[in-house]
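As structure tokens, the structure follows; a few thoughts come after it.
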Amino acid sequence: MSSFRIAVREMAEYLYQSGDLSADTFQNVSLIEGTRAHQYVQHQYSKDDQAEVQILFSMPFESHEITISGRMDGILKRDGERLIHEIKSTRQNIFSDDFIPHQAHVAQLKFYLYMVAQNDDLAEIWGRITYIQLSDYQMRDFDEIYRLEDLEEFFNTSLNIYMKWLNQLYAHHESKMKSLEEMVFPFDQFRRGQREMMTAVYQTMKDQDILYTIAPTGIGKTMASLFSSLKAINSPEQKIFYLTAKTEGKKIALESLDMLHEGTLQTKTLELTSKDSICFLDKRECDPNVCPFAKGFFDRLREASEDIFNHETLMTRAVIETYAKKHQVCPFEFSLYVSYFADVIICDYNYVFDPRAHLIRYFETNDYQPMLLIDEAHNMISRSRDMFSAALKKSDLIQLRKSGSKLKPSIRNAVNQVIQTYDLYQFSLSESTFLAYDSLNEEFFNQLSVLLKKIDRALKENPNYSRKSEVFDGYFLILGMLKMSERFGSHYKFNVEAIDDDIKISCRCLDASRYLKEIIDNSCYGTVFFSATLQPINYYKTLLTQGVGETMLIKSPFDDHRLKLIIDPTISTRYQDRNNSIDQIVSRIKDVVSAKVGNYIVFFPSYQYLEMVREKLIDLDADIITQTKDMSFMMRDLIMERFSKIHDQSLLALFVMGGMFSEGIDYLGDMLHGVIIVGVGLPMINEENEQLKTYYQDTFNQGFQYAYQYPGMNKVIQAVGRVIRSHEDYGFALLIDDRFNQKYYKELFPIEWKNYERLTHKKSLKTMLKTFFLLFSK
């Protein structure tokens, strides 16, 4: 006899969620907020009352043994009777005439009531749902006394329907586990270092440990990490989260899983896409009165979910959109629901780590066992700081005041109170455009808290307000500021900054490692960070997981001699020397172009420097492409097409280091013959980077290295990494700056760069390149 364990809440939500996507959905009531509201109610219990009571109920069902479990919010004693208590927090107006308890909440309570009545042999039982408004903690009770026979009929009817779905999930799990056992590696041979990486990743998942893997291009790290993690799965609660910031990273992961599916693998794979990107409307309006895909969303969700589950394996963005249109449901919220039965979820970092966007169901509860594969992990330091920072501009508040101008009760005075704080800072900003503080302006955050409550109340009393979506935009910015203020400490700065005609106030996180490690320790069952550029490794381990984690270094599978690395120490690209460097850089570019007709990229540290050089390239015998600050991904794809075509003259691209052309993109074969790196990639010296430098110096005694040198060299190594992407590729990289010849920078060179050559005044770059290209001429 097979056994099933059923969670009361999941069964209630699956069967009885109904109606529209509500404000609660969009405002994402976090577990922390909900827990605080619950505790507020429970603190009012008497000494005879019980809070957070676990309950189990077992019974045979057909050929299965069923165990139903849950946690009741309270068991109260009232007038000598026992009362089963459920608490629900909400942002809705619970005192409006049309407010009624949600069907799923009532169902959850009735399941608990039936379990208690059966366990204790009761003929009838008293139940209560208490709704508490998060804005002001006002409460409203809904009481009902139920007879056992009525509860039994409801329970059995519900269980019959739910078991049909569970049987499908169970059958999928059985076939998945069998397919994982039979799954074989899809290639005849392992690449160098690939097998060792797979062993390490597998053991990391089994041991629920942390691993940092320095995995160069060409070893097949995506397939290695996915295959070994899949092999480590032994529980239906385990899910693999493949995290990547780049579209190309998603694509490779999906292609790898598709290849495994062509074999024996039977898993459900889901690609998550951001709400703005996947929205069907021209302008996102998350309001059921405006969006037809939000209206009645829950009424159609179950049918849509069962449809995609029964017919799809690889649930890409296109597949999600197809089923969302077919069933008229919001594609973003639909994809989040589909994640319940997905085995592998491919998404951005923020779905795991960002406190405003992460998936609460997986990372604030213990119901699942997430396994993390973090691709291009060198991006995580800056991304993690951003995830735990928040900012609010004066223009945001002016826009909020305009959007909410017709709300009653009015929010205008509350908005103006906050704006006055910005105006007070205006005087100080006339002397310095950047103000930094080690402590919060408590009055400012009190004003934000008052404003948030005013917005809450106004929207409750105006549920059909025509500009509600725009008001919500401001609401979320304020909510983000308040949430980050709760984390404020020595690893934060309170900044006030003048930007053109605007003023920005921010809670800026300088080090998010404690939060990343907390999420990994409390919620994850094995975490692997991997990238070709995780050196120096202690820098990444310190700023991501506070120094914790094993390390693995894999040597590049490519022949070192296919990359001609040249250091030009005769030129300084320091800011004060840039004007003097322009003619020398132009000379190097002309030498490159004249050595061989080919495709070349010059990577610059800034757009300003790029433009200074571009203006001097008037008579160059090459087709020049220039990256602009606001370049779209569509334009990027068009440029990449030009690299793939054969040209009669050289193609010269002027790009910026760390941009869309320098990471997560492949230039295969003759698409690229060489790159010129202008400078050591140091981030711009400004107030924010100086804050990082001071913090890193005070905390780790590594101020310049952590804030400037290591991030800069990472961009350099990433840019050079565009040249060799396969065993057949060959090309050169010219590093222009005298600092590349210094010990402190050469220590950061990857081991594959050991055969570098210095360019001196006596050596001709053109001759060196011609000699190199002759080695590979056909």
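Residues Thr313, Thr213, ordered by accessible area of protein heavy atoms at a 1.4 angstrom probe radius and largest first, appear as Thr313, Thr213. For the chain, the longest principal axis of the C-alpha atoms and the axis of helix 148-182 are separated by about 30°. Ligands, DNA and RNA aside, Arg191 has an accessible area near 120 Å² when probed at 1.4 Å. Normalised by the number of residues in the range 63-140, the mean separation of alpha-carbon contacts (under 8 Å, six or more apart) gives a relative contact order of 35 percent. Taking all protein chains together, Phe142, Phe661, Phe61 sort by accessible area into Phe142, Phe61, Phe661, largest first [probe 1.4 Å]. For Ala733, the residues whose amide H sits under 5 Å from its own are Lys564, Leu565, Ile566, Val675, ignoring neighbours fewer than 5 places away on the same chain, with H placed 1.01 Å from N. Say a paramagnetic label sat at a point 7 Å from the Cα of His261, along Cα to Cβ; which residues of the range 329-350 have their backbone N under 14 Å from it? So the set is 342-346.
Amide H to amide H distances under 5 Å link Ile6 with Thr67, Ile68, Ser69, where only residues 5 or more positions off or on other chains count and H is placed in the peptide plane.
For the range 75-133, what proportion of DSSP beta bridges, expressed in % and rounded to the nearest 5, is antiparallel?
Details: 4 of 12 bridges.
Looking only at bridges with both residues in the range 75-133, the antiparallel portion is about 35 percent.
Relative to the longest principal axis of the C-alpha atoms of the chain, give the angle of the C-alpha long axis of helix 412-429, reported between 0 and 90° and rounded to the nearest 10°. Helix 412-429 and the main axis of the chain meet at about 30 degrees.
Quick check for the range 352-501: number of Lys pairs with alpha-carbon distance under 12 Å, counting only pairs 8 or more apart or on different chains? Display every interim value, and only then the final one.
On the way: Lys402/Lys468; Lys406/Lys468; Lys408/Lys454; Lys408/Lys460; Lys460/Lys468.
Eligible lysine pairs with Cα atoms under 12 Å apart amount to 5.
Close lysine pairs were tallied over the range 62-213: pairs 8 or more places apart or on different chains with Cα atoms under 29 Å apart number 9.
Report, in whole Å, the centroid distance computed from the Cα atoms of the range 269-299 and the range 82-111. Each part reduced to its Cα centre gives a spacing of 26 Å. Computed over protein heavy atoms with a 1.4 angstrom probe, the accessible surface ordering of Asp121, Asp136, Asp348, Asp456, largest first, is Asp121, Asp136, Asp348, Asp456.
For the range 524-631, what does the relative contact order come out to in percent, with C-alpha contacts under 8 Å and a separation of six or more?
Working: 29 pairs, mean separation 19.0, N = 108.
Relative contact order here is 18 percent.
Restricting the range 641-708 to trypsin sites (Lys or Arg not before Pro) that sit in a DSSP loop and have at most 14 other Cβ atoms within 10 Å of their own Cβ leaves Lys645.
Each residue of the range 658-675 was assigned a 3J(HN,Hα) from its phi angle through the Karplus curve 6.51 cos²θ - 1.76 cosθ + 1.60 (θ = phi - 60°); the sequence is x, x, 5, 9, 10, 9, x, 9, 9, 10, 8, x, 7, 5, 8, 10, x, 10 Hz, with glycine and proline shown as x. Using a probe of 1.4 Å on the protein chains alone, the accessible area found for Glu81 is around 110 Å².
Shape class of the range 144-297 from the Cα gyration tensor (axes a ≥ b ≥ c, square roots of the eigenvalues): oblate, since a/c reaches 1.5 or more and a/b does not exceed b/c.
Determine the relative contact order of the chain: mean sequence separation of Cα pairs under 8 Å and six or more apart, normalised by residue count, in whole percent. List each step's numbers first, then the result.
Values: 1319 pairs, mean separation 95.3, N = 778.
Across the chain, relative contact order equals 12 percent.
Taking all protein chains as shown and a probe of 1.4 angstrom, His102 keeps an accessible surface of around 60 Å².
Sequentially through the range 330-342, phi angles give Karplus couplings (6.51, -1.76, 1.60; θ = phi - 60°) of 4, x, 5, 5, 4, 5, 5, 5, 4, 4, 4, 10, 7 Hz, Gly and Pro residues having no value and appearing as x. Shape of the range 202-274 from the C-alpha gyration tensor: rounded (a/c under 1.5, with a ≥ b ≥ c the square roots of its eigenvalues). Relative to the dominant Cα principal axis of the chain, helix 513-523 is inclined by about 50°. Taking a ≥ b ≥ c as the square roots of the eigenvalues of the Cα gyration tensor of the range 243-307, is the shape rounded (a/c under 1.5), prolate (a/b larger than b/c) or oblate? Judged from the Cα gyration tensor, the range 243-307 comes out oblate (a/c at least 1.5, b/c at or above a/b).
For percent of Cα pairs over 43 Å apart, the candidate list reads (1) 37; (2) 31; (3) 46; the entry that matches the value derived from this model is (1). Computed extension length for Arg195-Glu152: 9.9 nm, one decimal, from 0.36 nm per residue of separation with the Cα-Cα distance subtracted.
Note that the range 392-406 has calculated 3J(HN,Hα) couplings of 9, 9, 4, 5, 4, 6, 5, 5, 5, 4, 5, 5, x, 5, 9 Hz, one per residue in order, obtained from phi through the Karplus relation 6.51 cos²θ - 1.76 cosθ + 1.60 (θ = phi - 60°); glycine and proline are x.
So what's the net charge close to Thr545: Lys and Arg +1, Asp and Glu -1, counting the other residues with Cβ under 14 Å from its Cβ? Before the final figure, lay out the partial values.
Working: positive: Arg514, Lys517, Lys541; negative: Asp209, Asp511, Glu518, Asp521, Glu550.
Taking every Cβ under 14 Å from that of Thr545, the sum is -2.
Modelled this way, with points 7 Å down the Cα-to-C-beta line, the labels at His311 and Ile161 are 2.2 nm from one another.
Qualifying GluC sites (Glu not before Pro) in the range 548-643, where qualification requires a DSSP coil assignment and no more than 11 other C-beta atoms within 10 Å, comprise Glu615.
Antiparallel as a % of all DSSP beta bridges within the chain, to the nearest 5? Before the final figure, lay out the partial values.
Values: 41 of 110 bridges.
DSSP beta bridges in the chain are roughly 35 percent antiparallel.
Applying 1/(1 + (r/R0)^6) with r as the Cβ-Cβ distance of Gln742 and Met640 and R0 = 51 angstrom yields a FRET efficiency of 0.90.
The values are calculated or read from the model by the stated rules, or taken from the named source; none is laboratory data. Just so you know, these numbers come straight off a predicted model, no measurement behind them. Methodologically, a virtual Cβ is constructed for each residue, glycine included, from the backbone with ideal geometry; neighbour enumeration extends over all protein chains shown. What goes into the accessible areas is simple: the full protein's heavy atoms, side chains included, and nothing from ligands, DNA or RNA. Shrake-Rupley method; radii C 1.70, N 1.55, O 1.52, S 1.80 Å.
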